[in-house]
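Notes to accompany the following structure.
Nothing in this text is a laboratory measurement; each read-out follows from the coordinates by a stated rule. Remember, predicted model here, so these are calculated numbers, not experimental data. For neighbour counting, all protein chains shown are included, and Cβ atoms are generated from backbone atoms with ideal geometry for every residue, glycine included.
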Amino acid sequence: MSRKRILTGITTTGTPHLGNYVGAIRPAIADSHNTDVEAFFFLADLHALIKCHEPERIHQSTKEIAATWLALGLDTNKAVFYRQSDVPEITELCWILTCQAAKGLLNRAHAYKAAVDQNMAEGEDPDHAITMGLFCYPILMAADILMFNATHVPVGKDQTQHLEMARDIAQRFNFHFGETFVLPETVVQENADVLLGLDGRKMSKSYNNTIPLFLEEKALQKHINKIVTNLQEPGEPKNPDDSTVFQIWKAFATPEQTEEMRQKFAAGIGWGQAKKELCALINEEIRDARERYNALMAQPEQIEAVLQAGAAKARAYAAPLLAKVRRAVGLYSLG
Ligand code: TRP
């Protein structure tokens with residue numbers, strides 16, 4: 001068993017944007033075509049409940065994210081693609097792990113500590129508006145990972161502490177109850193979150209500066225036109241390396257196209273023209289996927305069928321391991 005098993009989750013609270021595509025979705029789908037790896041990708045809708053209390057938004061986001069991955073060519077015959085809440089083994093494992101996880105470990109979680117610090121700074125009670133969901137979130141994430149004995153977990157930098165906690169919890173369990181879980185390795189995605197947004201900060205839902213991935217061409221051009229630039233006129237040589245337009249160009253262009261655009265910047269291409277060319281380039285890459293996306297969004301029952309098949313596959317992996325875990329902790333038949 002030396003095959004790599006990668007697993008990652010996508011929290012279902014937003015609409016996929018160009019930053020998600022370049023930083024996470026495009027590389028993950030490429031990975032899924034690699035026959036040396038087994039890939040598990042899931043919609044982390046139970047995680048969405050932690051941050052989002054708007055049912056409509058969670059439902060819509062789940063549909064959009066699933067349609068996006070399918071439209072972009074995720075091969076669901078190879079990859080296991082499922083919705084977290086369709087796999088009850090995960091939540092059961094989560095409770096069993098909760099009974100192993102040290103509270104002191106979770107006290108140190110960055111997300112929880114940041115919420116406490118903010119409350120203190122605002123003169124509130126330290127635990128003001130902090131739910132047990134937020135506090136226990138790293139245990140749910142550990143259950144997501146350990147349930148499938150994932151060997152490699154690609155995540156953004158902000159998630160590395162959660163991976164350490166998952167390893168810690170797995171080790172504790174193994175020590176007490178015998179070898180049960182694989183200790184997962186973190187694969188930090190250096191390129192995740194690198195794409196810049198409309199205002200030049202990193203493209204992120206929380207900054208409200210995103211360009212949604214599957215806009216129709218006209219709307220895409222409108223968004224791209226909003227990218228903040230300096231006030232240089234057409235004809236003035238421009239520095240590509242401090243330009244958001246160029247940075248996004250690079251993420252979609254071949255090396256030759258990147259070099260060509262660099263020369264156009266030096267020759268003083270106008271911002272309007274550069275943005276037109278950027279829109280055409282992105283549109284070219286996503287046009288076919290966008291058609292598939294629109295078709296899927298119009299037929300959500302097709303998406304649902306794919307997710308149900310994915311859940312059945314996922315449960316076939318999860319059930320035997322959960323049976324082993326139950327037995328290890330003393331939950332099994334009296335007969
Ligand atoms: N917490 C992750 C994030 O916010 C999403 C996630 C949930 C995840 N469960 C996971 C990622 C398991 C990797 C493995 O990005």
Longest to shortest principal axis, alpha-carbon extents of segment 163-256, angstrom: 70, 27, 24
The chain, helix-only ellipticity at 222 nm - DSSP H runs n ≥ 4, -39,500 (n - 2.57), divided by all residues, nearest 500: -17500 deg cm²/dmol
Which of GLU38, GLU260, GLU164 fluctuates most in a GNM of the chain (C-alpha springs under 10 Å)? That residue is GLU260
Kyte-Doolittle mean at least 0.0 and Cα extent at least 18 Å along the axis: which DSSP H helices of the chain qualify? 132-146, 300-329
Between VAL329 and GLU190, what is the spin-label point distance in nm, taking each point 7 Å from the Cα along the Cα→C-beta axis? 3.9
How much net charge surrounds THR68 when only the other residues with a Cβ under 12 Å from the Cβ of THR68 are counted, with Lys and Arg +1 and Asp and Glu -1? +3
Which peptide among 320-327, 225-232 comes first, and what is the full order, when sorted by highest mean count of other Cβ atoms within 10 Å? 320-327, 225-232
Return PHE265, PHE214 ranked ascending by Cβ neighbour count within 10 Å, so the fewest neighbours appear first. PHE265, PHE214
Pair GLU301, ARG172: separation of 7 Å Cα→Cβ label points (nm): 4.7
Given a Förster distance of 51 Å, the FRET efficiency implied by the Cβ-Cβ spacing of LYS78 and GLU233, rounded to the nearest 0.05, works out to 0.50
Out-of-range pairs (alpha-carbon distance over 28 Å; input LYS226/LYS250; LYS63/LYS205; LYS157/LYS250; LYS4/LYS313; LYS51/LYS275; LYS51/LYS222): LYS51/LYS275; LYS51/LYS222
Estimated FRET transfer efficiency (LYS222, GLU56; beta-carbon r; R0 30 Å; 0.05): 0.75
Based on Cα positions only, what radius of gyration and what Dmax would you give for the chain, in angstroms? 22.3, 84
Rg and Dmax of segment 1-95 over Cα atoms: what are they, in angstrom? 13.7, 42
Relative packing of 240-253, 110-123, which averages over residues the other C-beta atoms within 10 Å, highest first: 240-253, 110-123
